Amino acid sequence: MECVVLAAGEGKRMRPLTAKRPKVMLPLANRPMMEHLVLATRDAGISDFIFVVGYGEREIRAHFGDGSRFGIRITYAAQRHQQGTADAVRSVRDLVTGPFLLMNGDMILNHADIADFIQRPAPCMGISTTDHPGDYGVVLVSDDRVISLEEKSPHPKSNLINAGLYLLSLDIFDLVDRVKPSARGELELTDALAGLIAERKLGTYRLPYWMDVGYPWDMLDANAILMEKNPGSIAGTVEDGVTLKGPVQVGEGSILRSGTYIEGPCIIGNNCRIGPHAYIRGSTSIGDDCHIGYCTEIKNSIIMTGTKVPHFNYIGDSVIGTHCNFGAGTKGANLRHDHANVRVCGKDTRRKKFGAIIGDNVQFGINCSINVGAVIGSNAQFAPNSFIEGCIGDNASIR
Amino acid sequence: MCGIIGYIGRRDAAPLIIEGLKKLEYRGYDSFGVATAGAGIDIAKHQGRISEKGGSAAQLKGKAGIGHTRWATHGVPSDRNAHPHTDCSGTIALVHNGIVENYASLKRELESRGHTFRSETDTEVIVHLVEEEYAKKPDLLAAVQAVIPRLEGSYAILVLAAGEDRIVAARNASPLVIGIGDGEFFAASDMTPVIEFTERAVYLEDGDTVSLSRKNVEIYSHGKPVSRPVELIDWSLEDVRKGGFAHYMLKEIYEQPLAFYNTIRSMDPAALPEEVLRASSVTVVACGSSYHAGLIFKYLLEEIAGIPARLEFASEFKYFPPPVSGLVVGISQSGETADTLAAMKYARSAGCHTLAITNVLGSSITRAADTTLFMRAGPEISVAATKSFVAQLAILMQIVNRISDRKCDEILLQAHKAVEEILLMDLGEAVRVCEKAQNIFYVGRGPFYPVSLEGALKMKEISYIHAEGYTAGELKHGPFALLSPETPVIALCMPGNTYGVMISNIKEMKARGAPVIAIGVTGDRELPDIVDLFIAVPNTPLFTQILTCLVIEQLLAYHTAVALGRDVDKPRNLAKSVTVE
């Protein structure tokens with residue numbers, strides 16, 4: 001059986017982190033989000049993959065190649081102008097040879113559940129429950145069949161949602177060809193399924209475990225969960241006087257200098273310099289070539305490749321892109337005094353603790369203060385002592 | 001200029017090619033056609049716009065195909081002359097962008113061997129040549145490679161043959177890029193139609209031949225296998241259309257060397273009838289930039305060929321009695337300029353032989369003229385004329401050359417090289433002077449007077465700075481009163497009989513405090529010392545000097561307009577062609 005992974009979209013809700021890469025290539029536990037999903041699918045017994053790629057496709061192709069590194073075979077289908085999920089499915093016509101697995105590339109699944117799911121007869125839809133169904137396609141189910149599917153309803157009729165995982169037969173290609181643009185101008189796969197739903201032919205499968213990563217703050221939860229499974233391992237150098245608690249993974253060529261204190265789960269990539277006297281708290285993942293220096297504290301954050309947080313910094317509950325540089329003393333807040341949920345650009349994160357979302361190549365002068373919920377665009381530059389809050393655009397220069 | 005595209009892969013080729021041709025329409029749009037290959041070759045081709053008539057062509061079946069959108073050069077726009085062209089048996093189809101210069105002799109040769117030609121195009125000879133090679137050995141790539149050495153000129157071609165599940169491509173001096181998809185491949189004049197499907201491109205070199213199959217792309221350089229780097233294209237569609245330039249105008253400025261060269265080469269000795277070669281007097285009617293081209297022509301014709309020439313604005317021509325005899329030349333890029341059309345009809349009704357110079361085959365002016373000469377500039381999108389002006393000059397200079405017994409053949413064939421050098425010059429200092437000015441004067445003498453007029457026109461139409469061109473001699477008769485330290489003067493001071501007096505004129509202007517930017521030749525010892533800014537062009541023959549000065553003025557106007565934040569390609573209040581009187 002072939003598995004089609006939909007990975008052509010940018011993932012606009014992840015901006016500014018998607019400036020240089022599609023959402024599915026954002027790192028969780030130091031691997032691209034989609035790699036976790038692909039490996040779980042492989043472990044469920046599938047070895048032929050078709051990746052539908054578009055935005056930032058070169059990142060995906062460069063990372064996955066022909067799949068041999070992962071023990072799988074990958075064929076690519078380009079969907080350069082994303083016109084919706086039905087259009088994406090159309091792009092793999094003639095590439096799939098029989099009933100196939102179709103999945104969004106931006107979710108986390110267990111391999112055992114996938115193995116169970118693919119035993120079902122097609123067509124079948126993976127469903128899950130959530131406490132905010134209004135953000136998804138809400139389904140009503142009767143006798144294990146979908147009887148209605150309503151996209152992003154303000155008044156959801158249930159907490160059961162479409163998980164973005166399907167088992168489909170080749171008939172789907174005729175159905176997607178007949179889809180007309182939806183109200184938002186896209187060719188929606190769910191419109192292609194309407195006929196199947198009306199005839200009560202679309203089966204359901206309740207996914208015991210499902211997590212989608214919609215917004216940058218969702219990355220922190222997913223990062224934490226994926227790291228729980230990691231037992232830790234040390235490939236780099238750990239100097240005397242370093243304290244490691246819990247599972248800690250340190251990549252090749254990295255050095256942990258004396259006085260550094262790390263509370264796992266924590267993953268540190270290759271060729272990083274940590275310490276002396278750095279304090280890294282759980283669940284933090286740090287990419288390759290990073291520098292976490294003297295008297296810097298990092299807590300529950302994702303820090304991507306090449307970023308330097310070198311002296312007297314505090315970063316908590318934040319997602320930071322590649323190649324940023326923090327001036328000495330620059331710190332970020334992560335808790336409101338009224339302990340209310342942190343809002344990012346008006347959107348409730350449903351988190352009491354959340355710091356900032358920082359794009360790629362952002363440069364901070366010394367002693368900048370970053371307020372809770374700040375979003376900072378790529379290539380932004382800040383003069384010393386800047387107070388930073390709200391949404392700062394790409395390439396902004398603040399003095 | 002024409003646009004071509006080929007596709008082989010898992011999708012239906014025809015609808016994809018039709019969509020692609022729409023994106024290539026900026027390269028030409030008078031007719032189009034598609035061929036797809038299955039067991040046989042299916043072809044649909046039409047005169048007219050793809051958006052109106054593309055529907056039936058999109059119905060062709062087959063997963064491999066080639067398409068073409070045409071800007072006529074040899075043969076009027078018609079269904080018959082539209083590409084693809086086929087061999088006698090109809091089993092080989094070919095599209096072509098470029099010009100086969102030796103097509104006339106090849107055609108005679110092929111006809112003597114019994115080939116039947118269906119079109120008036122230069123292109124059709126290629127497909128008949130391929131047919132002969134293919135008959136000897138049924139290998140399409142080998143057949144195309146065998147034909148290539150026989151072609152003179154420029155070409156990017158795509159070839160299909162019935163029963164061959166591949167496309168063979170070749171290029172020389174016309175653009176061709178290969179798009180690398182997933183189990184599908186593209187070949188096109190540029191990435192515009194391809195970028196929707198893949199960002200991976202291989203740019204071909206002159207002399208390359210390529211075989212595109214469903215599995216892979218094989219590239220050969222002069223017959224030997226070669227590998228070319230795959231480049232990742234970051235451009236948006238609009239960027240691709242502009243070829244990576246910030247504006248169409250800059251792109252078109254950069255296309256001038258090729259436009260000049262192609263136009264010079266396109267005028268074979270038979271192109272000029274006796275009425276032109278033996279004309280006792282010439283009257284030129286034109287508007288705007290074309291008028292300036294006409295004025296340059298007048299200077300050159302009278303000096304070099306010794307034939308009296310008269311020049312009139314087309315809009316004023318009707319207020320004079322028509323010339324009783326001689327040749328009347330109408331110049332119009334679009335071929336639709338209302339004033340020029342009216343003037344041509346007026347002249348023709350008075351019994352004059354009329355010669356039209358235009359960029360558009362089949363345009364109205366071609367019907368109002370006894371003889372038409374075509375610029376090889378390709379469609380010009382920017383409102384400010386650049387490459388069409390240079391192509392007009394190519395025609396006019398070639399006429400002067402022909403009338404004066406072809407003394408300048410070599411000069412005209414080499415001129416584009418000097419222009420290429422000019423394109424690399426940094427005019428930053430001059431731009432900083434101009435962008436601050438409210439008024440700019442352009443001065444020159446002899447044929448450089450109209451070059452000054454054209455420079456001033458470019459400056460005012462896109463930068464909105466008031467600019468006027470004068471003969472350096474006339475400046476003293478009034479305009480001198482306007483000179484001040486705030487009015488920069490662009491002075492064209494080339495070696496020759498105008499040089500000495502230009503030097504004294506420049507000194508007089510300097511004495512009034514005007515900052516002078518002079519364009520002169522490399523190695524000039526006197527000029528750099530007396531002017532504020534000296535721009536050196538290579539020391540070349542007169543024809544080439546006119547081009548190099550002109551291109552500097554275009555670049556100066558362009559960069560000044562950009563520095564001032566103007567909408568360069570669409571200046572306010574102006575339209576590309578003026579079709580009302």
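The values are calculated or read from the model by the stated rules, or taken from the named source; none is laboratory data. Computed from a predicted structure; not experimentally measured. A quick note on method: Cβ atoms are made from the backbone with ideal geometry, for glycine too, and the neighbour counts reach across all protein chains shown.
Out of region B:475-526, which residues are loosely packed, with under 14 Cβ neighbours inside 10 Å, modelled with pLDDT of 90 or more and of a type in the set (Ser, Thr, Tyr)?
Listed by number, the residues that qualify are B:Ser504, B:Thr522.
Residues being assigned to a loop (DSSP other than H, G, I, E, B) and modelled with pLDDT of 90 or more: count how many of those fall in region B:308-334.
Going residue by residue through region B:308-334, those that are assigned to a loop (DSSP other than H, G, I, E, B) are B:308, B:318-326, B:333-334.
Then keep just the ones that are modelled with pLDDT of 90 or more; that gives B:308.
Qualifying residue count, region B:308-334: 1.
Among the residues of region B:562-574, what is the count of those that are farther than 15 Å from B:Lys251 by Cα and not in a loop (DSSP other than H, G, I, E, B)?
1
For region B:531-556, which positions are touching a strand residue (DSSP E or B) at 6+ places or on another chain (Cβ under 8 Å) and in a helix (DSSP H, G or I)?
Matches in region B:531-556: B:Gln545, B:Thr548, B:Cys549, B:Ile552, B:Glu553, B:Leu556.
Which of the residues that make up region A:276-293 are in a loop (DSSP other than H, G, I, E, B), farther than 23 Å from A:Lys229 by Cβ and among the hydrophobic types (A, V, I, L, M, F, W, C)?
Step one: filter region A:276-293 for residues in a loop (DSSP other than H, G, I, E, B), giving A:276-278, A:282-283, A:287-290.
Those still in the list that are farther than 23 Å from A:Lys229 by Cβ too: A:276-278, A:289.
A:Ala278 - this is the single residue of region A:276-293 that is in a loop (DSSP other than H, G, I, E, B), farther than 23 Å from A:Lys229 by Cβ and among the hydrophobic types (A, V, I, L, M, F, W, C).
So which strands (runs of 3 or more DSSP E) stay within region A:297-373 end to end and still have 3 or more residues that are under 23 Å from A:Pro276 (Cβ atoms) and not β-branched (Val, Ile, Thr)? Quick ask: steps written out before the conclusion?
Values: elements: A:297-299, A:308-311, A:314-316, A:356-358.
Ranges flagged: A:308-311.
Take the residues in region B:208-219 that are touching a Gly at 6+ places or on another chain (Cβ under 9 Å) and not polar (S, T, N, Q), then tell me which one is nearest to the other protein chains (Cβ to nearest Cβ).
Start the filter on region B:208-219 by keeping residues that are touching a Gly at 6+ places or on another chain (Cβ under 9 Å), which leaves B:209, B:212, B:214-215.
Adding the requirement that they be not polar (S, T, N, Q) leaves B:212, B:214-215.
Numbers: B:Leu212: 17, B:Arg214: 12, B:Lys215: 13 Å.
Looking at the filtered set, the residue picked out is B:Arg214.
Can you tell me how many residues within region A:255-275 are assigned to a loop (DSSP other than H, G, I, E, B) and either among the charged types (D, E, K, R) or not assigned by TED's automatic domain parsing to the domain that holds A:Thr307 (or both)? Step through it out loud before you land on a result.
To start, the set of residues in region A:255-275 that are assigned to a loop (DSSP other than H, G, I, E, B) comprises A:257-260, A:264-265, A:269-272, A:275.
When the remaining residues are screened for being either among the charged types (D, E, K, R) or not assigned by TED's automatic domain parsing to the domain that holds A:Thr307 (or both), the result is A:257.
Looking only at that region, the number is 1.
Kindly list, by first and then second residue, each pair from a residue in region B:200-228 that is farther than 22 Å from A:Arg61 by Cα to a residue that is in a strand (DSSP E or B) and of a type in the set (Asp, Glu), limited to pairs with Cβ atoms under 8 Å and residues at least 6 apart or on different chains.
Between residues of region B:200-228 that are farther than 22 Å from A:Arg61 by Cα and residues that are in a strand (DSSP E or B) and of a type in the set (Asp, Glu), the close pairs are B:Val210/B:Glu218; B:Ser211/B:Glu218; B:Ile219/B:Asp208; B:Tyr220/B:Asp208; B:Ser221/B:Asp208; B:Pro225/B:Glu218; B:Val226/B:Asp208.
Within the set of pairs 6 or more residues apart or between chains, which connect a residue that is within 13 Å of another protein chain (Cβ to nearest Cβ) and surrounded by fewer than 13 Cβ atoms within 10 Å (Cβ to Cβ) inside region A:62-79 to a residue that is among the aliphatic types (A, V, I, L, M) and in a strand (DSSP E or B) with Cβ atoms less than 6 Å apart?
A:Asp66/A:Ile74
Please enumerate the residues belonging to region B:183-198 that are within 14 Å of chain A (Cβ to nearest Cβ), on the phi < 0 side of the Ramachandran plot and either surrounded by fewer than 21 Cβ atoms within 10 Å (Cβ to Cβ) or part of a strand (DSSP E or B) (or both).
B:Phe185, B:Phe186, B:Glu196
Need the failing condition index for B:Ala342 against (1) of a type outside the set (Asp, Glu); (2) within 27 Å of B:Cys2 (Cβ to Cβ); (3) outside any loop (DSSP other than H, G, I, E, B), just the number.
Unmet condition: (2).
Return yes or no: is B:Gly163 surrounded by fewer than 18 Cβ atoms within 10 Å (Cβ to Cβ), within 14 Å of another protein chain (Cβ to nearest Cβ) and more than 24 Å from the chain's Cα centre (by Cα)? First the steps, then the outcome.
On the way: surrounded by fewer than 18 Cβ atoms within 10 Å (Cβ to Cβ): yes; within 14 Å of another protein chain (Cβ to nearest Cβ): no; more than 24 Å from the chain's Cα centre (by Cα): yes.
No; evaluated as a whole, the condition is false for this residue.
Mind checking which pairs have a first residue in region A:32-58 that is on the phi > 0 side of the Ramachandran plot and a second that is part of a helix (DSSP H, G or I), Cβ under 7 Å, 6 or more apart or different chains?
Going by the 7 Å Cβ cut-off, the qualifying pairs are A:Gly45/A:Ala115; A:Gly56/A:Met25.
When the residues of region B:91-103 are filtered to those that are touching a residue at least 60 places away in the same chain (Cβ under 8 Å) and part of a loop (DSSP other than H, G, I, E, B), which remaining residue is farthest from B:Leu373 (Cα to Cα)? Break it down stepwise before answering.
Just the residues of region B:91-103 that are touching a residue at least 60 places away in the same chain (Cβ under 8 Å), to begin with: B:91-99, B:101.
Next, from what is left, pick out any that are part of a loop (DSSP other than H, G, I, E, B): B:91, B:101.
Details: B:Thr91: 35, B:Glu101: 16 Å.
Selected residue: B:Thr91.
Residues of region B:199-232 being surrounded by 19 or more Cβ atoms within 10 Å (Cβ to Cβ) and assigned to a loop (DSSP other than H, G, I, E, B), which ones?
B:Glu199, B:Leu204
Does B:Ile357 satisfy the condition of being buried (at least 24 other Cβ atoms within 10 Å of the Cβ) and part of a helix (DSSP H, G or I)? Spell out how you get there, then give the answer.
On the way: buried (at least 24 other Cβ atoms within 10 Å of the Cβ): yes; part of a helix (DSSP H, G or I): no.
So B:Ile357 does not fit the description; no.
Please go through region A:309-349 and pick out each residue that is out of contact with any Asp or Glu (no Cβ under 9 Å at 6 or more places or on another chain), closer than 22 Å to A:Arg13 by Cα and surrounded by fewer than 16 Cβ atoms within 10 Å (Cβ to Cβ).
The answer is A:Arg343, A:Cys345, A:Gly346, A:Lys347, A:Asp348.
Determine, yes or no, whether A:Ile50 is facing another protein chain (nearest Cβ under 10 Å) and closer than 17 Å to A:Leu168 by Cβ. Spell out the reasoning first.
Values: facing another protein chain (nearest Cβ under 10 Å): yes; closer than 17 Å to A:Leu168 by Cβ: yes.
Considered against the rule, which asks whether it is facing another protein chain (nearest Cβ under 10 Å) and closer than 17 Å to A:Leu168 by Cβ, A:Ile50 comes out as yes.
If B:Leu176 passes every condition in (1) within 14 Å of another protein chain (Cβ to nearest Cβ); (2) at pLDDT 85 or above; (3) in contact with a Ser or Thr (Cβ under 7 Å, 6 or more places away or on another chain) but one, which one does it miss?
(1)
Of everything in region A:92-107 that's in contact (Cβ under 8 Å) with a residue 40 or more places away in the chain and over 21 Å from the mean Cα position of the chain (by Cα), which residue is farthest from the other protein chains (Cβ to nearest Cβ)? Outline the logic, then answer.
Keep residues of region A:92-107 that are in contact (Cβ under 8 Å) with a residue 40 or more places away in the chain, which gives A:92-93, A:95-107.
Okay, now just the ones that are also over 21 Å from the mean Cα position of the chain (by Cα), so A:92-93, A:95-100.
Values: A:Val92: 10, A:Arg93: 8, A:Leu95: 8, A:Val96: 12, A:Thr97: 13, A:Gly98: 17, A:Pro99: 20, A:Phe100: 16 Å.
My answer is A:Pro99.
Give the residues of region B:161-182 that are in a strand (DSSP E or B) and free of Cβ contacts under 8 Å to residues at least 40 places away in the same chain, sorted by residue number.
Quick first cut of region B:161-182, residues in a strand (DSSP E or B) only: B:161, B:166-173, B:177-180.
B:Arg171, B:Val177, B:Gly179 - these are the residues of region B:161-182 that are in a strand (DSSP E or B) and free of Cβ contacts under 8 Å to residues at least 40 places away in the same chain.
Which of (1) more than 30 Å from B:Asp268 (Cβ to Cβ); (2) within 26 Å of the chain's Cα centre (by Cα); (3) surrounded by fewer than 19 Cβ atoms within 10 Å (Cβ to Cβ) is the odd one out, the single condition B:Ile50 does not satisfy?
Answer for B:Ile50: the failing condition is (3).
Would you check which residues across region B:536-551 are surrounded by fewer than 23 Cβ atoms within 10 Å (Cβ to Cβ) and either among the charged types (D, E, K, R) or within 19 Å of B:Arg432 (Cα to Cα) (or both) and list them?
B:Ala536
Can you pull out the residues in region B:133-160 that are surrounded by fewer than 21 Cβ atoms within 10 Å (Cβ to Cβ) and part of a loop (DSSP other than H, G, I, E, B)?
Of everything in region B:133-160, those that are surrounded by fewer than 21 Cβ atoms within 10 Å (Cβ to Cβ) and part of a loop (DSSP other than H, G, I, E, B) turn out to be B:Lys137, B:Pro138, B:Asp139, B:Glu152.
Within region A:80-91, work out how many residues are touching a Ser or Thr at 6+ places or on another chain (Cβ under 8 Å) and within 13 Å of chain B (Cβ to nearest Cβ).
First pass over region A:80-91, keeping only residues touching a Ser or Thr at 6+ places or on another chain (Cβ under 8 Å): A:80, A:84-85.
Add one more test, that the residue is within 13 Å of chain B (Cβ to nearest Cβ), and what stays is A:80.
Looking only at that region, the number is 1.
Looking only at strands (runs of 3 or more DSSP E) that lie completely in region B:1-90, which have at least 3 residues being away from chain A (no Cβ under 14 Å) and over 22 Å from B:Ser211 (Cβ atoms)?
On the way: elements: B:3-8, B:31-37, B:41-47, B:64-70.
Answer list for region B:1-90: B:31-37, B:41-47.
Taking the residues in region A:233-246 that are assigned to a loop (DSSP other than H, G, I, E, B) and either closer than 13 Å to A:Ile280 by Cβ or not assigned by TED's automatic domain parsing to the domain that holds A:Gly269 (or both) as candidates, determine which candidate is farthest from the chain's Cα centre (by Cα). Talk me through it step by step, then tell me what you get.
Residues of region A:233-246 that are assigned to a loop (DSSP other than H, G, I, E, B), as a first pass: A:235-236, A:239-242, A:246.
Pick out the ones that are also either closer than 13 Å to A:Ile280 by Cβ or not assigned by TED's automatic domain parsing to the domain that holds A:Gly269 (or both) and you get A:242, A:246.
Details: A:Val242: 31, A:Gly246: 24 Å.
So the residue we want is A:Val242.
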